[in-house]
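Below you'll find the structure, written out as structure tokens, and then a few comments.
The values are calculated or read from the model by the stated rules, or taken from the named source; none is laboratory data. What you see is a predicted model; the values in this text were computed from it and never measured. For neighbour counting, all protein chains shown are included, and Cβ atoms are generated from backbone atoms with ideal geometry for every residue, glycine included.
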Amino acid sequence: MRKFLLVCLTAVFALASGELRAQERIVTGRLLSQEDGKPLPGVNVLLKGTTTGSVTDADGQYSISVPASGGTLVFSFIGLKSQEVEVGSRTTVDVNMESDVTQLSEVVVSALGIEQNKDELGTATSQISGSAATKSGESTLIAGLAGKASGVNIVKNSGDPGAGAYIQIRGQSTITGNLQPLIVLDGMPIYNSSTGISATDGMVGGTVQQSRLNDLNPDDIQSVEILKGASAAALWGTRAANGVMVITTKKGSSQKGKINVSLKYTRSEDKVYITHDLTHNWGSGSLMRFQNTPTSGWSWGDYIPGRTGGADAYITDPAAAGYQGYFEDAKGNKIYNIANGTAAAPHGGKNSQNIYDYKDQIFKTGSYNDFGVSLNGGDKDDNFYISIDNMKQDGVILTNSNYDRTSFRVNTNKRFNSVVRIGSNFGYTKTKSNRTQMGSNTSGLYLGGLRTSPDFDNSIFEGTYTDANGVKFPDRQRSYRNPLGIRTNSTYDNPIWSQNHNISTTDVDRFMGSFELGLAPLKWLDVTARAGVDSYTDRRYDFLDPLSASLPGGRLDLQTIRETQYNGDLFGRGKFNISKDFNLIAMVGMNLNQRTFERIGGYAQNFILSSHVPLDLTNAGPATQNPYNSFQVQRTAAIYSTIDLAFKDQLFLNLTGRAESASTFGRAVSSTFFYPAATLAWQFTQLMDSRVLNFGKLRAGFGQVGVQPTPYNTATYYAAGGFADGWGSQLLSSAYGNGGYVESTTLGNAYLKPERKTEFEFGTDLRFFQDRVSLSATYFTNETKDAILPVATAPSTGFNQKTANAATLQTHGLEFDLSATILKVGGFTWQINGTWSMYRNKVTSLAGTSSLFLNGFAGTSSRAVEGQPIGVLWGVDWMKDAQGNLILDERGYPQAAANESVIGNPNPDWKAGIGNTFSFKGLSLYVLVDRTQGGDIWAGTHGIMNNFGRSTDTDVQTTVSAADAATIPVYGTLTSGKTVAQRYTPNADGTYTFRGSLANYGAGNVALEQGWYTSTGGGFGPVASQFIKKATNTRIREVTLAYSLNSPGFRAATKLTSIDFSLTGRNLWITGPDVKYIGNDPETNLTGVSNGRGLEYFNNPSTRSYLFTIKINY
């Protein structure tokens, strides 16, 4: 109920106050919901028989002048039962108010920020109140929305501070276009960019992508409306194919003379909650023998529990065989070479049984502190809202992983008279962050940490190497592939070294603002002019140390990214009472929008000075200095109109149309495209009287929306010429001689037009037992035509490809939303809210190809494949016959298929969530549980751990007889031996023990040991399908225990409105058939917000959070 009242607050005005006389006195009080004890804003308070009145503020408080002799106060609001209360001699009158379901109808915000009655809509929407999104104290809006609306899938990139998220509404509506919904803030479209770390980097490595949606302070949010269907979003044309999230920020109070102050503090502690399950029993080496040589990349060495214990036998004598010098760190720790194991002495000189857990050397308990203060006030004509907030987050990575956001917001509204009003919404955010390396990246934190042998101590990571001749090499990195720091290239960075030496920072300034002028020259006409801007500047500094594994010569990348969006709307709305039974609301408007993207920077690599590196781009030769810049402009112009026709307040017809032109459309096609929509809603319970079903509505909708082509695909452009091969940096023509340009290999397409999605939607909204139970059900089906793809061209044209409208995609699905008050006894209430959604999609045509790469790797990728769901996982499967049986090689092992094919589908079968709220007076408990059923994920990290001998799959020993050892085959070419007896050393009793297990695929036993796992049975082998696992999981996403001190006695004693406390846990528990195998949150996605999904490959881990929040309201 409070959610509804907060949204409606701006539509309620105080009645004119009577003249204050000497014999009058002030009466104050607070209005609370009888259902849950929460304050009720916007309630009218009237002194009966007069025009003296007031209205409650956001905390349910009011004050009013009454005669000294007393009087009667009348409390009323739509959706509440009116009450009359005698004042008598009291100065405080508090009232608990009940819902009146005969009046209640929820208000939602449309695509243009216009309030509408939800019961009259012919399309499905979901509303999440600001309080629901922030009740847990979350620092980002994305985290607060997860699991709280049907049809909305939010997949966070990782647990890194400020990490972005993949937000998908009703499945995927495009193949290569932007997949994110349009974000509209107070009627103004804003950016939700997740721009990669560098103009030259891919999306499978580097650092985690951040989201500009995180720039918003969640405490400033009043509500979030999610417009799912094309019929609801058609007013935004080519920007609405992925749905629209309409965010409304808070406004000021309408209680004259009262300024409300709110102070909030949140403290969070974050811990890594899912990690890879590794074995710690086997040391560095191969074939069950210890090896300390720099080329040893595996943990297939000796059995650690079998060592003698004690100190390792270092080779410290310069005259001894195997002496290689030593490594010494700043604390004086010296590391020498250790003798390798042999068949007779498999441990060699390695005696220590000490093991080192990568988690202890990489992670810590992270935290954030969020402090904010807000003020709001005003009267029936003027109001304001001001807030400032600072959030500092220190991530779970030991060092250089942090996020600092300071936000400031001012919202104002003023009504000059019954004709003229103005409003403004301005916000500024300053964000700074430091990010760690991740993913498919030899400097990646997880990649180096997980591959390290368990007997190697990463904490000694930096120092001086002294060679066998006594020559010193300072500032060397030490890693498990480079245990003495001998080489400048360590193959994989020591994860502690990477954290301290490879730096990636961002510094963002963002301004979002809009101004609105409203005119009501006639009773039936309202005109609104709105103009806004969203602009941010992102300054990035990315540094890879000269001894980093990914670029051993070092690299410095400095860049500035600027995005600016200007938007203007002018529209008029007219309300007409055609007759007693017919009402009409008509709107016509125009929109102008311009978006610019600018990226300018440069990088230098292979530094001239490799120690004490100067932080400028001149520290490299001309061949490895590379400036880069790009500039894009998109302009859109549109006119639009809506007609809302109501018949007898039970049948509601909406017609919408938008005609749009854009600068990205091809010159040879129509300059204007039209996007129509129509919805019909019928409240059939107006014709019946039922004690069970008190409200029922049938609805149907049709709409078309689109996806704009990206800029500059309609013409062939030129770029700076250069030359590159596989053995060095690109040589630019500008570095030598006078420079030059070459024609792009992508042919421009003058016939390029926007993608078009057509959708039909059918549903019903039902409420039972005087609104104790409500159910919403929706079925939709849509088709995207003219999907934009890169299409290969004939070599004779001189071009490799062109961008064309060349694909079709179909989607259909079901959505259910349920809410119910299960129990209501005295002051105790139990309420539930549930969501369930299911989608199926298929790529029905891909002109010119049967498979299109979206993202990923050469061996495993996410693709669009004709006849398959979008984003399927693609790679090599096992070779099988027509009946699906494995085809074995001559030794009895399965073998890889000759060609790649579909090996998995990352799209879930269905998703569901259920939230339970238990409240008793000022105490409440909220528990949110959700489930994802089905969907595949490629557990790439586990596959690589098989290869390196660190997965628990490989932590097994098998002993066989001499006779069996002579016949059981082993795999690969680690040695010339082809059987267990030929590859391994016999035990004293003549038996043979190897690390691995036996398997029988139908042709007798074979050994699955090091040879198998470091080739076909491992992550570097050809068969990707063996690592496809189910992403099915059930989790307790959120638990919040809250208590509000707001009794009359407390307020009288403290002069405060309330003090609210809450304790929250997020991601408290998760289970699923393959969660342990995956070793990470199944919701993770290596490629972030790209079109590819379902890939896990050394992704930074997700976190479990514990939050404490205190909020003081005055």
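Scanning region 603-652 for residues that are β-branched (Val, Ile, Thr) and within 29 Å of residue 474 (Cβ to Cβ) yields 608, 613, 618, 624. Criterion first (of a type in the set (Phe, Trp, Tyr) and at pLDDT 95 or above) does residue 273 satisfy it? No; evaluated as a whole, the condition is false for this residue. Within the set 473, 543, the sole residue that is in contact with a Phe, Trp or Tyr (Cβ under 6 Å, 6 or more places away or on another chain) and more than 30 Å from residue 420 (Cβ to Cβ) turns out to be 473. Among the conditions (1) surrounded by 15 or more Cβ atoms within 10 Å (Cβ to Cβ); (2) in contact (Cβ under 8 Å) with a residue 12 or more places away in the chain, the only one that residue 982 does not satisfy is (1).
If we keep just the residues of region 5-46 that are in a loop (DSSP other than H, G, I, E, B) and of a type in the set (S, T, N, Q), which is modelled with the highest pLDDT? So, considering only residues that are in a loop (DSSP other than H, G, I, E, B) and of a type in the set (S, T, N, Q), the one modelled with the highest pLDDT is 34.
Looking for whichever is closer than 21 Å to residue 486 by Cα and surrounded by fewer than 16 Cβ atoms within 10 Å (Cβ to Cβ) here; the options are 329, 381, 312, 317. Which one fits?
On the way: 329 fails: surrounded by fewer than 16 Cβ atoms within 10 Å (Cβ to Cβ); 381 fails: closer than 21 Å to residue 486 by Cα; 312 fails: surrounded by fewer than 16 Cβ atoms within 10 Å (Cβ to Cβ).
Unique residue meeting the criteria: 317.
Taken residue by residue, region 1034-1050 has no member that is farther than 28 Å from residue 918 by Cβ and either modelled with pLDDT of 95 or more or of a type in the set (A, V, I, L, M, F, W, C) (or both). Going through (1) within 30 Å of residue 820 (Cβ to Cβ); (2) in contact with a strand residue (DSSP E or B) (Cβ under 6 Å, 6 or more places away or on another chain); (3) outside any strand (DSSP E or B) one by one, residue 617 falls short only on (1).
The residue that is nearest to residue 851 (Cα to Cα), among those in region 896-916 that are assigned to a loop (DSSP other than H, G, I, E, B) and in contact with a Pro (Cβ under 7 Å, 6 or more places away or on another chain), is 905.
In this structure, does residue 335 turn out to be among the aliphatic types (A, V, I, L, M), crowded, with 16+ Cβ neighbours inside 10 Å, modelled with pLDDT of 95 or more and closer than 22 Å to residue 490 by Cβ? Before you say what the answer is, go through the steps one by one.
On the way: among the aliphatic types (A, V, I, L, M): yes; crowded, with 16+ Cβ neighbours inside 10 Å: yes; modelled with pLDDT of 95 or more: yes; closer than 22 Å to residue 490 by Cβ: yes.
Criteria met by residue 335.
Scanning region 426-438 for residues that are farther than 14 Å from residue 549 by Cα and crowded, with 24+ Cβ neighbours inside 10 Å gives 427, 433, 435, 436. Within region 646-660, the residues that satisfy the criterion of being buried (at least 16 other Cβ atoms within 10 Å of the Cβ) and either closer than 17 Å to residue 124 by Cβ or not basic (Lys, Arg) (or both) are 646, 650, 651, 652, 653, 654, 656, 657, 659, 660. Taken together, 789, 752, 809 contain a single residue that is of a type in the set (A, V, I, L, M), assigned to a strand (DSSP E or B) and over 30 Å from residue 127 (Cα atoms), which is 789. The set of residues from region 519-549 being within 33 Å of the chain's Cα centre (by Cα) and surrounded by fewer than 20 Cβ atoms within 10 Å (Cβ to Cβ) comprises 531, 533, 535, 537, 539, 541, 543. Put simply, of 685, 642, 664, 656 the only residue that is of a type outside the set (Lys, Arg), in contact (Cβ under 8 Å) with a residue 40 or more places away in the chain and not in a strand (DSSP E or B) is 664. Screening region 1063-1091 for residues that are part of a loop (DSSP other than H, G, I, E, B) and at pLDDT 90 or above and picking the one that is nearest to residue 1025 (Cα to Cα) gives 1074. Against the conditions (1) crowded, with 23+ Cβ neighbours inside 10 Å; (2) touching a Gly at 6+ places or on another chain (Cβ under 8 Å); (3) in a loop (DSSP other than H, G, I, E, B), residue 1003 satisfies every one except (1). Taking the criterion of being in contact with a Gly (Cβ under 9 Å, 6 or more places away or on another chain), farther than 14 Å from residue 449 by Cα and not polar (S, T, N, Q), the residues of region 482-518 that qualify are 484, 485, 486, 510, 511, 512, 513, 515, 516, 517, 518.
Filtered by the rule that a residue be more than 18 Å from residue 488 (Cβ to Cβ) and in contact (Cβ under 8 Å) with a residue 24 or more places away in the chain, region 609-630 gives 615, 616, 617, 622, 623, 625, 626, 627, 628, 629, 630.
Tally the residues that are part of a loop (DSSP other than H, G, I, E, B), at negative phi and over 46 Å from the mean Cα position of the chain (by Cα), restricting the search to region 47-76. Here the count works out to 6.
Filtered by the rule that a residue be under 49 Å from the mean Cα position of the chain (by Cα) and assigned to a helix (DSSP H, G or I), region 949-979 gives 952, 953, 954. For residue 782, the criteria (1) surrounded by fewer than 21 Cβ atoms within 10 Å (Cβ to Cβ); (2) polar (S, T, N, Q); (3) at pLDDT 95 or above hold in every case but one, which is (1).
Considering 630, 671, the condition of being in contact with a Phe, Trp or Tyr (Cβ under 8 Å, 6 or more places away or on another chain), surrounded by fewer than 18 Cβ atoms within 10 Å (Cβ to Cβ) and either charged (D, E, K, R) or not in a strand (DSSP E or B) (or both) is satisfied by 671 alone.
Could you tell me whether region 834-848 includes any residue that is closer than 30 Å to residue 793 by Cα and outside any strand (DSSP E or B)? Yes: region 834-848 contains one or more residues that are closer than 30 Å to residue 793 by Cα and outside any strand (DSSP E or B).
Figure legend. Inter-residue proximity from region 89-109: first residues within 14 Å of residue 32 (Cα to Cα) and modelled with pLDDT of 70 or more, second residues among the aromatic types (Phe, Trp, Tyr) and in a strand (DSSP E or B), beta-carbon distance below 7 Å, spacing 6+ or different chains. Indicated pairs: 95/75; 97/75.
Number of residues in region 792-806 that are in a loop (DSSP other than H, G, I, E, B), crowded, with 17+ Cβ neighbours inside 10 Å and either among the hydrophobic types (A, V, I, L, M, F, W, C) or on the phi > 0 side of the Ramachandran plot (or both) equals 1.
Of all the residues in region 464-499, those that are polar (S, T, N, Q) and either crowded, with 23+ Cβ neighbours inside 10 Å or closer than 13 Å to residue 545 by Cβ (or both) number 9. So, residue 390, is that one in a strand (DSSP E or B) and surrounded by 19 or more Cβ atoms within 10 Å (Cβ to Cβ) or not? Judged against the criteria, residue 390 is not a match. For region 269-288, the candidate set comprises residues that are in a strand (DSSP E or B) and over 30 Å from residue 370 (Cβ atoms); within that set, the residue that is nearest to the chain's Cα centre (by Cα) is 278.
In region 581-608, the residues that are under 25 Å from residue 569 (Cα atoms) reach residues that are among the β-branched types (Val, Ile, Thr) and not in a strand (DSSP E or B) with C-beta atoms within less than 6 angstrom, at least six apart or across chains, in these pairs: 584/578.
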